[in-house]
Structure formats: structure tokens, C-alpha cells
Amino acid sequence: MDQRLVELARKIELSRKKGNRQSLGVILECARILEKARAIAKRDFGRWLKERAHIEQTTAYRYLATGGFVRRNFALMQRIELLSLAKIYALSSLDDTRARRLLEGHDQFSAPLDRISDLQFRKEFRVRFPSPPRRLHRHNIFRAAFSALQHAHDTMKRASLNARLLTPMQRHGLWAKVRILHGLALSGVGPDYRETKSHSTRDAAARQRSPSFSSLRAREKKAAT
């Protein structure tokens, strides 16, 4: 390999690690500020986050968790500061013993912790440390469903604006999925919701009638030949 490319790879790695250190410094400073605010605000901390700090609670508590994680493992700071925030957030969710074993290299992923890509790290991390199933609670159910619907809305809006790029079969597949979603909405959360067996039977039948994307793709290939 051209030696110039080797040198450029080394430089970009150094720049990336420098950026990681700077990003971590900002997060730790935010964590210190949040700790002071929480001590002062006490029960009003959540309201202060929303009305004054304008920061999501999940983000704030992630910063606080990161700050506590770094304090408890300060002896390994030289290794922690080389990692991306995605990896630090993930490690801070583990108990300290497991996190230290990963930081010290006793437990390893498919590549060293400071070299594995964030995408590959997330994949392997989820397999090794699966999240516990969420407790069924109306707030969790609503938030997950609303977020998914908002994402679906944005995606379908983009698809509608670019419908001319889709084949008739692809458009049919999207429309079939929209019909199923509409049926689920009417039977599950609509104004006339009733807990009856007919709803689940109707939804299952609708899912069976709807073609999967893999089947649509196979149909398109067959039509092309």
C-alpha cells in the first residue's frame, strides 16, 4: 500500500480520537452542571430540565450516568477518552465489573474497543448484552407506537413525493401495508374500539392477504424475465 495512504489513515485516527476526547469533556461538564441543578431543584428537576434547560430527560440522565461511570473508573480514563460517545454510553449502562473487563481487554469484541466501528460495536453489544424486556406500561406503549407512526409518516411522505421512482408492484406493496395499519388503528385504538375476537381474526386475515416485500421482489424479477 502507498505509504502516503498509511500516513493519512494514521492522521485521521488521531483526529478522531482527539474529537472523542473533546466530546467527552463537554459531556462531563454537562454532567457536573446537571448534578448541581438536581441537588438544588430536587423534585422540580424534571420541570427545570424541560422549562429552563430545554433538554430531554433521557439525554440528561445519560449525561449523568456517563459522569458517574467516568468517576468510578477514573483510573481507566486514558482508555475511556479514546472511545466514541456511543461506546461510552453503552459501557456506562453495564455494571462496573463488566465494563472494566471490556476496557482492560479481558473481554473483547471482534476488534479492539477503540478500533471497532460504532455500527459493528452496537451489533455485537446488543447480542452480548441484550436489553431486558420493557415492562408493559401505557406510557411506554404510547411512546413507542407514536414514535414509530411519526417515522412511518415521514417515510411515506418522502415515498409519495418520489412515487414515480417506484414500480407498480412496489406501490401496491406500500398501499397494502398502509391498509393493514389502518385496520389495526380502527380495531385497536379507534373511537369504536371493542375487545372482540373478530378484530384479531380480521387483522390476521389482512396480514395474510398483504404481500411481503420479498414476495413482491420475486414477482418483479419473474415479470422482468
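The values are calculated or read from the model by the stated rules, or taken from the named source; none is laboratory data. What you see is a predicted model, and the numbers here were worked out from it, not measured in a lab. Every residue, glycine among them, receives a Cβ derived from its backbone with ideal geometry; neighbour counts consider all protein chains shown.
Here is how the numbers come out for the structure above:
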| item | result |
| --- | --- |
| Residue check for PRO133: surrounded by fewer than 10 Cβ atoms within 10 Å (Cβ to Cβ) and modelled with pLDDT under 90 | yes |
| Boolean, LEU91 is at pLDDT below 95, crowded, with 16+ Cβ neighbours inside 10 Å and either outside the structural domain of ARG21 (by TED's automatic domain parsing) or hydrophobic (A, V, I, L, M, F, W, C) (or both) | no |
| Residues within segment 27-47 that are without any contact (Cβ under 8 Å) to a residue 24 or more places away in the chain and either surrounded by fewer than 12 Cβ atoms within 10 Å (Cβ to Cβ) or closer than 14 Å to TYR61 by Cα (or both), tallied | 11 |
| Selected residue (only one of LEU5, LEU24 is crowded, with 16+ Cβ neighbours inside 10 Å and either hydrophobic (A, V, I, L, M, F, W, C) or modelled with pLDDT under 95 (or both)) | LEU24 |
| Filter pass, ILE55 being under 20 Å from ILE116 (Cβ atoms) and either without any contact (Cβ under 8 Å) to a residue 40 or more places away in the chain or surrounded by 14 or more Cβ atoms within 10 Å (Cβ to Cβ) (or both) | no |
| Test for THR58: is it within 22 Å of the chain's Cα centre (by Cα) and part of a helix (DSSP H, G or I) | yes |
| Failed criterion for PHE121 (all others in (1) closer than 30 Å to GLY68 by Cα; (2) not assigned by TED's automatic domain parsing to the domain that holds ALA9 hold) | (2) |
| Residue among ARG179, ARG194 that is in contact with a helix residue (DSSP H, G or I) (Cβ under 8 Å, 6 or more places away or on another chain), among the basic types (Lys, Arg) and at pLDDT 55 or above | ARG179 |
| Residues of segment 110-119 classified as without any contact (Cβ under 8 Å) to a residue 60 or more places away in the chain and surrounded by 13 or more Cβ atoms within 10 Å (Cβ to Cβ), total | 3 |
| Of all residues making up segment 81-104, the number that are part of a helix (DSSP H, G or I), polar (S, T, N, Q) and either under 20 Å from the mean Cα position of the chain (by Cα) or within 15 Å of GLU124 (Cα to Cα) (or both) | 1 |
| Residues located in segment 1-55, provided they are outside any helix (DSSP H, G or I) and under 26 Å from LYS87 (Cα atoms) | HIS54, ILE55 |
| Residue among ASP154, ASP107 that alone is in a loop (DSSP other than H, G, I, E, B), free of Cβ contacts under 8 Å to residues at least 60 places away in the same chain, of a type in the set (Asp, Glu) and on the phi < 0 side of the Ramachandran plot | ASP107 |
| Members of segment 1-18 that are within 17 Å of ARG115 (Cα to Cα) and not hydrophobic (A, V, I, L, M, F, W, C) | GLU7, ARG10, LYS11, GLU13, SER15, ARG16, LYS17, LYS18 |
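Residue by residue, here is whether (1) among the small types (Gly, Ala, Ser); (2) out of contact with any helix residue (DSSP H, G or I) (no Cβ under 9 Å at 6 or more places or on another chain) holds:
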residue	(1), (2)
SER84	yes, no
PRO112	no, yes
ARG135	no, yes
ARG143	no, yes
ALA148	yes, yes
HIS151	no, yes
THR155	no, yes
HIS172	no, no
